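Working notes, structure below.
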2 protein chains.
Amino acid sequence: MSGALLLSSSPKSMATWRRELLALAPDLDLRLYPETGAAEDIVAALTWNHPPEDLFRYPNLKVLISMGAGVDHLFRPPGPPPGVAIVRLVDRLLTSAMSEYVLLAVLRHHRQAEIYRAQQRTRIWHELPPPDTERTRIGIMGLGVLGTDAARKLATLGFQVAGWSRRPKSVEGVESFVGREGLTPFLARTDILVCLLPLTSETRGILNRDTFARLPKGAYVINVARGGHLVEDDLLDALDSGHLSGATLDVFETEPLPGEHPFWGHPKIILTPHIASATVPRSCAPQVIENLRRLAAGEPLLNTVDPVAGY
Amino acid sequence: MSGALLLSSSPKSMATWRRELLALAPDLDLRLYPETGAAEDIVAALTWNHPPEDLFRYPNLKVLISMGAGVDHLFRPPGPPPGVAIVRLVDRLLTSAMSEYVLLAVLRHHRQAEIYRAQQRTRIWHELPPPDTERTRIGIMGLGVLGTDAARKLATLGFQVAGWSRRPKSVEGVESFVGREGLTPFLARTDILVCLLPLTSETRGILNRDTFARLPKGAYVINVARGGHLVEDDLLDALDSGHLSGATLDVFETEPLPGEHPFWGHPKIILTPHIASATVPRSCAPQVIENLRRLAAGEPLLNTVDPVAGY
């Protein structure tokens, strides 16, 4: 590649990426933000939560690579510079870690793990009514790479799995619901709702009181996408009214979640500090190098994002 | 069938079995223990934890059907009457419920769910070092119907899965270790040990201090087979010395687990009241009826047990 790759994330993450990228491409001209050198040298940027306005400083920037599966951080105002290609990471380990988290959250609820744990604390030996997997309906919002993998694995376990997406998707063993008109029937048949949508202007706040009201009473919600998908007060209302039975949350509007936030101590909420799936640089470095090679050769890039749709 | 089927379990379970069996075979002559009628009428028995000596009362008893996957309850002294065929239930729902439990226990440990739950209680936002699924080695003791299903599903998630069994087994993606000489290398490569063995004179007490010592430091133990597989004091020692990191237990030498038992309050033990997998009579009734038909027709029975091996 002629030109330099700008790296921008935490110092620890940048150090790891640097090591993995140089192991594959020792001659790569890497610039670790904010030590960018001459702005005109930068032709590509690999970033996470980078200040968006800074990217307008590089007149030769041609491709912006998200350091994860999500690209919503690249679309914060003022958005990416016009004409710059946007790509994201699609990685086997990132995908399987997300499915692990989703399976764990589903099974923990389905198999009444919290209730049995409470019974253990009070030394109660009591068998709860056994759950019926074949009658338990899981609904996955978002059938991209992550949603499809989670849906497949849940279907293998015997659950009734459906997906909801903007465009029709065909996944074996998974019922497909599409668009605005598909949302109500999708929600009406969903006992466990999993949000794996990209965060866009269309999907922001989609986990709201209207959505919850259309789920059957006793439904459970799992949000592993972005905090911006969830209207937090609406979730609290739906839990406290008893309409929803509980929620597992890995992402929040404000991260780290503030110490006084009501989610922390809520008896129906299980939360984790945005750990469902972390990018593993060792596993993702080859696709970054490959995209830089394609950029230099003028070939089509891998895993590009539609800048209008925002995902 | 000419002759009667003796049913013996809890009153509630007998009522359910009665309904499901009569729905398939309205003419079936059913006797609910202890209302057996004439002892010579009984040609088959479908039982769970029935007093073994009672079965010697029925001179025409030809087949003994366990009301579950395990048959160890039929081999308690004095054992089954000589010459009586023994069969067990093999059922899709029973198998998939067991795999659900195993997956939940594995993922809960692997994804540090208890630590994150404790962090939530103290409002700590802290990312733990992410687990490495591809380097996590699961060892399944017992590759029968249940062990094979769990092994396959865990392999699909990306774990390194091996099985240990008396005879060589071939399961795609699962390394096979065999017999006494295979036990030490199997244990040495196992981070998470899952016991799904039948309980026999060979396997009683197999989860003991020698076994634990051959596991790597920090290994985790899941027992979903029978309480008799585990030497309880040896587990407590291995947990308290720090050699094992924890255990999930669904079965116990004495059930219900006595209120004063040290397992209840142990910080490294998650326990449940023998709920990993329950027999669903609706799903299992057809194979009972089919075996009664085969008995009457003199055809080979399904899912027979080797009375010498005891499984």
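So if we plug the beta-carbon distance of B:Glu299 and A:Arg152 into 1/(1 + (r/R0)^6) with R0 = 35 Å, what FRET efficiency do we get, rounded to 0.05? Calculated value: 0.35. Of all DSSP beta bridges confined to the protein assembly as shown, the antiparallel ones make up roughly 5%.
Note on B:Asn208 and B:Asp54: the extension gain reaches 52.1 nm, defined as 0.36 nm multiplied by sequence separation minus the Cα-Cα distance.
Diagonalising the gyration tensor over the Cα atoms of the range B:126-171 and scaling each eigenvalue by 5 before taking the square root yields semi-axes of 25, 9, 8 Å, largest first. Annotation for B:Pro51, label-to-label distances across the other copies: 8.4 nm (shortest first, one decimal, point 7 Å from Cα along Cα→Cβ). Placing a label point 7 Å from the Cα of A:Glu255 along the Cα-to-Cβ direction, the distances to the matching points in the other copies come to 4.1 nm, shortest first. Each of A:Val251, B:Val305, A:Val194 has some number of other Cβ atoms within 10 Å of its Cβ, and from fewest to most they run B:Val305, A:Val251, A:Val194. Peptide A:122-133 is shielded by partner chain Cβ atoms: per residue, an average of 5 of them sit within 10 Å of its Cβ.
For the range A:182-256 versus the range B:1-56, the spacing of their alpha-carbon centroids is 49 Å.
Rounded to the nearest Hz, the phi-derived 3J(HN,Hα) couplings of the range B:253-263 under the Karplus curve 6.51 cos²θ - 1.76 cosθ + 1.60 (θ = phi - 60°) are 4, 10, 10, x, 4, x, x, 8, 5, x, 4, where x marks glycine and proline. Taking amide H as placed 1.01 Å from N in the peptide plane, B:Leu157 has no amide H partner under 5 Å among residues 5 or more places away or on another chain. Once the Cβ-Cβ distance of B:Arg18 and A:Glu232 is raised to the sixth power relative to R0 = 45 Å, the FRET efficiency obtained is 0.30.
Once a ≥ b ≥ c are taken as the square roots of the eigenvalues of the Cα gyration tensor of the range B:32-136, is the result rounded (a/c under 1.5), prolate (a/b larger than b/c) or oblate (a/b not larger than b/c)? Cα axes put the range B:32-136 in the prolate bin. Neighbouring Cβ atoms from other chains, within 10 Å of the Cβ of residues in A:147-153, number 1 on average. In plain terms, the bigger the Kirkwood radius, the slower the diffusion; for chain A, with that radius from Cα pairs, at 25 °C and 0.890 mPa s, Stokes-Einstein puts D at 117 µm²/s.
Calculated [222 nm] ellipticity per residue, helices only, for chain A: -9500 deg cm²/dmol; basis is -39500 (n - 2.57) per DSSP H run with n ≥ 4, divided by all residues, nearest 500. For A:Leu128, the amide hydrogen comes within under 5 Å of no other amide hydrogen, counting only partners 5 or more places away or on other chains and with H modelled in the peptide plane. Once both labels are positioned 7 Å from their Cα atoms along Cα-to-Cβ, the gap between A:Arg92 and B:His126 label points is 3.4 nm. Is the range A:145-247 rounded, prolate or oblate when judged by the Cα gyration tensor, a ≥ b ≥ c being the square roots of its eigenvalues, rounded requiring a/c under 1.5 and prolate requiring a/b larger than b/c? Taking the square roots of the gyration eigenvalues as a ≥ b ≥ c, the range A:145-247 is prolate. On the beta carbon distance between B:Lys268 and A:Leu30, with R0 = 41 Å, the FRET formula returns roughly 0.40. Label points for B:Pro34 are taken 7 Å from Cα along Cα→Cβ. From this copy to the others they lie 8.6 nm apart, shortest first.
Taking the charge dipole of the protein assembly as shown about its Cα centre, with +1 at Lys and Arg Cβ atoms and -1 at Asp and Glu Cβ atoms, the residue from B:Ser170, A:Leu30, A:Thr148 reaching farthest to the positive side is B:Ser170. Given axes a ≥ b ≥ c from the Cα gyration tensor, I'd like to know whether the protein assembly as shown is rounded (a/c under 1.5), prolate (a/b larger than b/c) or oblate. Prolate is the answer for the protein assembly as shown, as a/c is 1.5 or above and a/b outweighs b/c.
When the pairs A:Lys268/B:Lys268; B:Lys12/B:Lys62; A:Lys153/A:Lys217; B:Lys12/B:Lys169; B:Lys153/B:Lys268 are compared against a 28 Å limit on Cα-Cα distance, B:Lys12/B:Lys169 fall above it. Once you divide the Cα radius of gyration of the range B:92-271 by 2.2 N^0.38 Å, the number left is 1.00.
About the centre of its Cα atoms, the range A:92-271 shows a dipole size close to 460 debye [charges on the beta carbon of Lys, Arg (+1) and Asp, Glu (-1) only; nearest 20 debye]. For B:Glu175, the residues 5 or more places off, or on other chains, whose built amide H falls under 5 Å of its own are B:Val161, B:Ala162, B:Gly163. Placing a label point 7 Å from the Cα of B:Asp240 along the Cα-to-Cβ direction, the residues of the range B:195-218 whose backbone N falls under 15 Å of that point are B:209.
Coordinate-derived values only; no laboratory data. Note that the structure is a prediction, hence the values are computed from the model and not measured. Positions of Cβ are generated from backbone atoms using ideal geometry, with glycine treated the same way; all protein chains shown enter the neighbour counts.
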